[in-house]
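S.K.: One structure follows; several queries about it will come next.
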2 protein chains.
Amino acid sequence: MPNPSRAFQVLAEPNRRRIVEHLRPGERSVGTLVSELGISQPGVSRHLRILHRAGFVRVRADGQRRLYSLRREPFRDLEAWIHDYQDLVEARLDRLEELVTSEGAEPPKQGRRR
Amino acid sequence: MPNPSRAFQVLAEPNRRRIVEHLRPGERSVGTLVSELGISQPGVSRHLRILHRAGFVRVRADGQRRLYSLRREPFRDLEAWIHDYQDLVEARLDRLEELVTSEGAEPPKQGRRR
DNA sequence: CGTTTATATAAACTCAGGCTTATCCTTCGG
DNA sequence: CCGAAGGATAAGCCTGAGTTTATATAAACG
(Lines give C-alpha, C1' and ligand atoms only; values in the text may rest on other atoms or scores of the structure.)
Protein backbone atom coordinates (compact mmCIF):
# COMPACT_ATOMS: atom_id res chain seq x y z
CA MET A 1 0.00 0.00 0.00
CA PRO A 2 2.62 2.54 0.94
CA ASN A 3 4.45 0.55 -1.68
CA PRO A 4 5.51 2.72 -4.58
CA SER A 5 6.57 -0.22 -6.72
CA ARG A 6 4.13 0.47 -9.46
CA ALA A 7 4.83 4.16 -9.40
CA PHE A 8 8.56 3.75 -9.91
CA GLN A 9 8.04 1.28 -12.66
CA VAL A 10 5.64 3.60 -14.42
CA LEU A 11 7.88 6.64 -14.16
CA ALA A 12 10.96 4.72 -15.20
CA GLU A 13 9.84 4.98 -18.80
CA PRO A 14 11.31 8.15 -20.36
CA ASN A 15 8.42 8.81 -22.70
CA ARG A 16 5.99 8.47 -19.85
CA ARG A 17 7.85 11.05 -17.84
CA ARG A 18 7.79 13.31 -20.88
CA ILE A 19 4.04 12.88 -21.08
CA VAL A 20 3.72 13.68 -17.41
CA GLU A 21 5.79 16.81 -17.85
CA HIS A 22 3.64 17.92 -20.76
CA LEU A 23 0.55 17.42 -18.66
CA ARG A 24 1.80 19.57 -15.83
CA PRO A 25 0.47 22.85 -17.30
CA GLY A 26 -2.96 21.33 -17.67
CA GLU A 27 -5.05 18.83 -19.54
CA ARG A 28 -4.15 17.76 -23.07
CA SER A 29 -5.77 15.65 -25.73
CA VAL A 30 -4.06 12.57 -27.06
CA GLY A 31 -3.49 14.19 -30.44
CA THR A 32 -1.88 17.21 -28.84
CA LEU A 33 0.55 15.01 -26.99
CA VAL A 34 1.28 13.06 -30.15
CA SER A 35 2.33 16.18 -32.05
CA GLU A 36 4.08 17.76 -29.09
CA LEU A 37 6.15 14.70 -28.28
CA GLY A 38 6.64 13.08 -31.64
CA ILE A 39 5.58 9.71 -30.30
CA SER A 40 3.27 7.53 -32.34
CA GLN A 41 -0.41 7.75 -31.50
CA PRO A 42 -0.70 4.14 -30.35
CA GLY A 43 2.37 4.72 -28.26
CA VAL A 44 0.85 7.70 -26.54
CA SER A 45 -2.40 5.88 -25.96
CA ARG A 46 -0.70 2.91 -24.42
CA HIS A 47 1.46 5.06 -22.16
CA LEU A 48 -1.60 6.98 -21.09
CA ARG A 49 -3.39 3.78 -20.28
CA ILE A 50 -0.50 2.68 -18.08
CA LEU A 51 -0.40 6.08 -16.39
CA HIS A 52 -4.13 5.86 -15.88
CA ARG A 53 -4.07 2.40 -14.36
CA ALA A 54 -1.37 3.60 -11.97
CA GLY A 55 -3.51 6.59 -10.99
CA PHE A 56 -1.25 9.27 -12.42
CA VAL A 57 -3.85 10.72 -14.78
CA ARG A 58 -7.57 11.12 -15.15
CA VAL A 59 -9.51 11.19 -18.40
CA ARG A 60 -12.37 13.35 -19.50
CA ALA A 61 -14.34 12.88 -22.69
CA ASP A 62 -14.80 15.90 -24.93
CA GLY A 63 -16.60 14.81 -28.05
CA GLN A 64 -14.41 12.36 -29.88
CA ARG A 65 -11.35 13.38 -28.03
CA ARG A 66 -10.05 12.42 -24.62
CA LEU A 67 -8.55 15.03 -22.36
CA TYR A 68 -5.98 13.76 -19.90
CA SER A 69 -4.76 15.57 -16.83
CA LEU A 70 -2.54 14.82 -13.88
CA ARG A 71 -3.64 13.59 -10.51
CA ARG A 72 -1.71 14.45 -7.42
CA GLU A 73 -2.15 11.41 -5.26
CA PRO A 74 0.59 9.15 -6.64
CA PHE A 75 3.09 11.98 -6.40
CA ARG A 76 2.19 12.43 -2.78
CA ASP A 77 2.73 8.75 -2.14
CA LEU A 78 6.06 8.82 -3.88
CA GLU A 79 7.23 11.81 -1.95
CA ALA A 80 6.18 10.16 1.27
CA TRP A 81 8.23 7.10 0.47
CA ILE A 82 11.26 9.10 -0.49
CA HIS A 83 10.99 11.37 2.48
CA ASP A 84 11.87 8.50 4.79
CA TYR A 85 15.32 8.42 3.25
CA GLN A 86 16.16 12.02 3.97
CA ASP A 87 17.35 11.47 7.51
CA LEU A 88 20.28 9.26 6.72
CA VAL A 89 23.28 9.59 8.96
CA GLU A 90 25.69 10.60 6.30
CA ALA A 91 27.84 13.64 6.83
CA ARG A 92 31.54 14.03 6.22
CA LEU A 93 31.30 10.63 4.60
CA ASP A 94 30.16 12.33 1.45
CA ARG A 95 33.01 14.78 1.56
CA LEU A 96 35.56 12.01 1.79
CA GLU A 97 34.12 9.90 -0.93
CA GLU A 98 33.84 12.82 -3.28
CA LEU A 99 37.60 13.03 -3.15
CA VAL A 100 38.04 9.39 -3.99
CA THR A 101 35.11 8.50 -6.18
CA SER A 102 36.30 9.10 -9.73
CA GLU A 103 33.60 6.98 -11.31
CA GLY A 104 34.72 3.77 -12.91
CA ALA A 105 38.41 4.28 -12.31
CA GLU A 106 39.81 3.21 -9.02
CA PRO A 107 43.54 3.50 -9.64
CA PRO A 108 44.97 3.52 -6.14
CA LYS A 109 42.93 0.58 -4.90
CA GLN A 110 43.93 1.56 -1.45
CA GLY A 111 42.94 -1.21 0.85
CA ARG A 112 43.67 -0.55 4.47
CA ARG A 113 42.21 -1.21 7.87
CA ARG A 114 42.41 -4.19 10.13
CA MET B 1 21.17 16.93 -14.77
CA PRO B 2 18.27 17.73 -12.48
CA ASN B 3 17.01 14.87 -14.60
CA PRO B 4 15.89 11.98 -12.46
CA SER B 5 15.77 9.59 -15.39
CA ARG B 6 18.50 7.37 -14.11
CA ALA B 7 17.15 7.42 -10.59
CA PHE B 8 13.70 6.25 -11.60
CA GLN B 9 15.12 3.54 -13.77
CA VAL B 10 17.30 2.31 -10.96
CA LEU B 11 14.54 2.26 -8.37
CA ALA B 12 12.10 0.63 -10.74
CA GLU B 13 13.76 -2.69 -10.06
CA PRO B 14 12.03 -4.41 -7.11
CA ASN B 15 15.12 -6.15 -5.80
CA ARG B 16 17.05 -2.91 -5.90
CA ARG B 17 14.41 -1.20 -3.82
CA ARG B 18 14.58 -4.11 -1.40
CA ILE B 19 18.32 -3.63 -1.14
CA VAL B 20 17.85 0.06 -0.53
CA GLU B 21 15.35 -0.65 2.20
CA HIS B 22 17.70 -3.08 3.84
CA LEU B 23 20.44 -0.47 3.77
CA ARG B 24 18.32 2.14 5.48
CA PRO B 25 19.26 1.05 9.02
CA GLY B 26 22.94 1.25 8.17
CA GLU B 27 25.74 -0.30 6.20
CA ARG B 28 25.69 -3.94 5.22
CA SER B 29 28.11 -6.34 3.61
CA VAL B 30 27.28 -8.07 0.37
CA GLY B 31 27.00 -11.44 2.08
CA THR B 32 24.59 -10.05 4.65
CA LEU B 33 22.34 -8.74 1.92
CA VAL B 34 22.55 -12.04 0.10
CA SER B 35 21.28 -14.00 3.08
CA GLU B 36 18.76 -11.37 4.13
CA LEU B 37 17.21 -11.03 0.72
CA GLY B 38 17.62 -14.47 -0.78
CA ILE B 39 19.05 -13.06 -3.95
CA SER B 40 22.06 -14.70 -5.55
CA GLN B 41 25.43 -13.20 -4.73
CA PRO B 42 26.15 -12.14 -8.32
CA GLY B 43 22.70 -10.63 -8.42
CA VAL B 44 23.32 -8.57 -5.31
CA SER B 45 26.70 -7.46 -6.58
CA ARG B 46 25.29 -6.37 -9.89
CA HIS B 47 22.44 -4.47 -8.29
CA LEU B 48 24.87 -2.79 -5.93
CA ARG B 49 27.04 -1.76 -8.84
CA ILE B 50 24.07 -0.18 -10.55
CA LEU B 51 23.06 1.56 -7.33
CA HIS B 52 26.62 2.75 -6.93
CA ARG B 53 26.91 4.14 -10.43
CA ALA B 54 23.66 6.01 -9.87
CA GLY B 55 25.01 7.46 -6.63
CA PHE B 56 22.60 5.72 -4.29
CA VAL B 57 25.25 3.94 -2.27
CA ARG B 58 28.85 4.27 -1.22
CA VAL B 59 31.29 1.42 -0.58
CA ARG B 60 33.85 0.91 2.11
CA ALA B 61 36.39 -1.88 2.23
CA ASP B 62 36.66 -3.91 5.42
CA GLY B 63 39.15 -6.69 4.88
CA GLN B 64 37.82 -8.96 2.22
CA ARG B 65 34.31 -7.66 2.53
CA ARG B 66 32.66 -4.58 1.14
CA LEU B 67 30.33 -2.55 3.28
CA TYR B 68 27.65 -0.62 1.42
CA SER B 69 25.62 2.24 2.78
CA LEU B 70 23.08 4.70 1.47
CA ARG B 71 23.78 8.16 0.23
CA ARG B 72 21.21 10.88 0.52
CA GLU B 73 21.80 13.00 -2.51
CA PRO B 74 19.81 11.08 -5.13
CA PHE B 75 16.83 10.95 -2.81
CA ARG B 76 17.01 14.69 -2.44
CA ASP B 77 17.05 15.11 -6.20
CA LEU B 78 14.11 12.79 -6.59
CA GLU B 79 12.11 14.58 -3.97
CA ALA B 80 12.86 17.89 -5.62
CA TRP B 81 11.58 16.63 -8.94
CA ILE B 82 8.44 15.22 -7.44
CA HIS B 83 7.77 18.25 -5.36
CA ASP B 84 7.00 20.27 -8.48
CA TYR B 85 3.96 18.10 -9.04
CA GLN B 86 2.37 18.77 -5.70
CA ASP B 87 0.71 22.02 -6.67
CA LEU B 88 -1.61 20.64 -9.29
CA VAL B 89 -4.94 22.32 -9.67
CA GLU B 90 -7.01 19.32 -8.94
CA ALA B 91 -9.75 19.54 -6.36
CA ARG B 92 -13.31 18.39 -6.69
CA LEU B 93 -12.13 16.72 -9.87
CA ASP B 94 -10.92 13.83 -7.84
CA ARG B 95 -14.21 13.55 -6.02
CA LEU B 96 -16.09 13.35 -9.28
CA GLU B 97 -13.87 10.84 -10.93
CA GLU B 98 -13.92 8.59 -7.95
CA LEU B 99 -17.64 8.24 -8.54
CA VAL B 100 -17.26 7.46 -12.21
CA THR B 101 -13.93 5.73 -12.56
CA SER B 102 -14.83 2.09 -12.39
CA GLU B 103 -11.80 1.01 -14.35
CA GLY B 104 -12.53 0.10 -17.90
CA ALA B 105 -16.18 0.97 -17.85
CA GLU B 106 -17.27 4.38 -19.08
CA PRO B 107 -21.05 4.18 -19.05
CA PRO B 108 -22.34 7.75 -19.57
CA LYS B 109 -20.11 8.73 -22.48
CA GLN B 110 -21.49 12.25 -22.51
CA GLY B 111 -20.17 13.98 -25.60
CA ARG B 112 -20.53 17.69 -26.01
CA ARG B 113 -18.70 20.70 -27.36
CA ARG B 114 -17.72 21.77 -30.88
C1' DC C 1 -25.92 6.86 -43.93
C1' DG C 2 -20.92 7.53 -45.54
C1' DT C 3 -16.78 9.64 -44.52
C1' DT C 4 -13.44 11.65 -41.82
C1' DT C 5 -11.28 12.50 -37.35
C1' DA C 6 -9.78 11.03 -32.76
C1' DT C 7 -8.55 7.40 -30.02
C1' DA C 8 -8.18 2.65 -28.50
C1' DT C 9 -6.79 -2.10 -29.17
C1' DA C 10 -4.40 -6.17 -31.16
C1' DA C 11 -0.57 -8.75 -33.11
C1' DA C 12 4.06 -9.45 -34.20
C1' DC C 13 8.80 -8.04 -33.72
C1' DT C 14 12.78 -6.42 -31.04
C1' DC C 15 15.70 -5.60 -27.44
C1' DA C 16 17.25 -4.09 -22.89
C1' DG C 17 18.05 -5.94 -18.72
C1' DG C 18 17.71 -9.51 -14.99
C1' DC C 19 19.05 -14.31 -13.78
C1' DT C 20 22.05 -18.34 -13.73
C1' DT C 21 26.34 -20.52 -13.93
C1' DA C 22 31.14 -20.43 -13.98
C1' DT C 23 35.43 -18.27 -13.07
C1' DC C 24 38.76 -14.83 -11.32
C1' DC C 25 40.81 -11.74 -7.74
C1' DT C 26 41.79 -10.54 -3.14
C1' DT C 27 42.22 -11.19 1.61
C1' DC C 28 42.47 -13.90 5.71
C1' DG C 29 43.64 -18.06 8.52
C1' DG C 30 46.68 -21.60 9.45
C1' DC D 1 52.65 -20.77 0.89
C1' DC D 2 47.98 -23.11 0.62
C1' DG D 3 43.23 -23.29 0.94
C1' DA D 4 38.96 -21.14 1.80
C1' DA D 5 35.85 -17.11 2.22
C1' DG D 6 33.96 -12.83 0.25
C1' DG D 7 32.94 -10.39 -3.95
C1' DA D 8 33.31 -8.99 -8.57
C1' DT D 9 32.94 -9.98 -13.41
C1' DA D 10 31.75 -12.51 -17.80
C1' DA D 11 28.87 -15.32 -20.93
C1' DG D 12 24.54 -17.03 -22.26
C1' DC D 13 19.71 -17.62 -21.70
C1' DC D 14 15.09 -15.82 -21.23
C1' DT D 15 11.28 -12.92 -20.26
C1' DG D 16 8.99 -8.36 -19.96
C1' DA D 17 7.94 -4.33 -22.02
C1' DG D 18 8.13 -0.79 -25.83
C1' DT D 19 7.56 0.01 -30.88
C1' DT D 20 5.46 -0.68 -35.23
C1' DT D 21 1.77 -1.77 -38.25
C1' DA D 22 -2.83 -2.65 -38.93
C1' DT D 23 -7.48 -2.54 -37.61
C1' DA D 24 -11.59 -1.50 -34.67
C1' DT D 25 -14.72 1.75 -32.33
C1' DA D 26 -16.96 6.05 -31.79
C1' DA D 27 -18.24 10.61 -32.54
C1' DA D 28 -18.79 14.71 -35.69
C1' DC D 29 -20.11 16.37 -40.18
C1' DG D 30 -22.39 16.80 -44.43
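S.K.: For the rotation that brings chain A onto chain B, whose beta-carbon in chain A is nearest the axis, and what is that distance in whole angstrom?
M.R.: Result for the A and B rotation: A:12, 1.
S.K.: Could you work out how far the C-alpha centroid of segment B:15-59 sits from that of segment A:16-79, in angstrom?
M.R.: 34 Å
S.K.: Please average, across the residues of A:22-31, the number of beta carbons from any other chain that are within 10 Å of each residue's own beta carbon, and give a whole number. List each step's numbers first, then the result.
M.R.: Values: counts 0, 2, 4, 1, 2, 2, 0, 0, 0, 0.
Neighbouring Cβ atoms belonging to other protein chains average 1 per residue here.
S.K.: While we're here: Using amide H atoms built 1.01 Å from N in the peptide plane, name the residues 5+ places from residue A:57, or on other chains, whose amide H lies under 5 Å from its own.
M.R.: Amide H neighbours of residue A:57: A:52, A:71.
S.K.: Okay, moving on. Assume the label is 7 Å from Cα along Cα to beta carbon: what separations in nm does residue A:25 have to the matching positions in the other copies?
M.R.: Ordered by increasing distance: 5.0 nm.
S.K.: Please get the size of the charge dipole for segment B:5-99, origin at its Cα centre, with Cβ charges of +1 on Lys and Arg and -1 on Asp and Glu, quoted in debye to the nearest 20. Intermediate results must be reported in sequence, preceding the final value.
M.R.: Values: 18 positive and 14 negative charges, 168 e Å.
With only Lys, Arg, Asp and Glu charged at Cβ, the dipole is about 800 debye.
S.K.: Highest mean first, what order results for B:53-64, B:8-19 on Cβ atoms within 10 Å? Each step should come with its number before you reach the end.
M.R.: Values: B:53-64: 16.0, B:8-19: 19.3.
Ranked from most to least packed, the peptides come out as B:8-19, B:53-64.
S.K.: List the distances, in nm to one decimal, from the label point of residue B:67 to the label points of the same position in every other copy, shortest first, placing each label point 7 Å from Cα along the Cα-to-Cβ direction.
M.R.: Label-point distances to the other copies, shortest first: 5.8 nm.
S.K.: Another one. Put a point 7 Å out from Cα along the line to Cβ at residue B:87; what are the distances to that point in the other copies, in nm, shortest first?
M.R.: Ordered by distance, the counterparts are at 2.8 nm.
S.K.: Further question: At a probe of 1.4 Å, how much accessible area disappears from chains A and B on forming the pair, both sides counted, to the nearest 100 Å²? Mind dumping the intermediate values first?
M.R.: On the way: alone 9100 and 9140 Å², together 14120 Å².
Chains A and B together bury approximately 4100 Å².
The values are calculated or read from the model by the stated rules, or taken from the named source; none is laboratory data. As the structure is a prediction and not an experimental result, all values here were calculated from the model. Don't worry about glycine lacking a Cβ; one is built from the backbone with ideal geometry, like all the others, and counts go over all protein chains shown. Side chains are part of the model used for accessible areas, which takes the heavy atoms of the whole protein and leaves out ligands, DNA and RNA. Shrake-Rupley method; radii C 1.70, N 1.55, O 1.52, S 1.80 Å.
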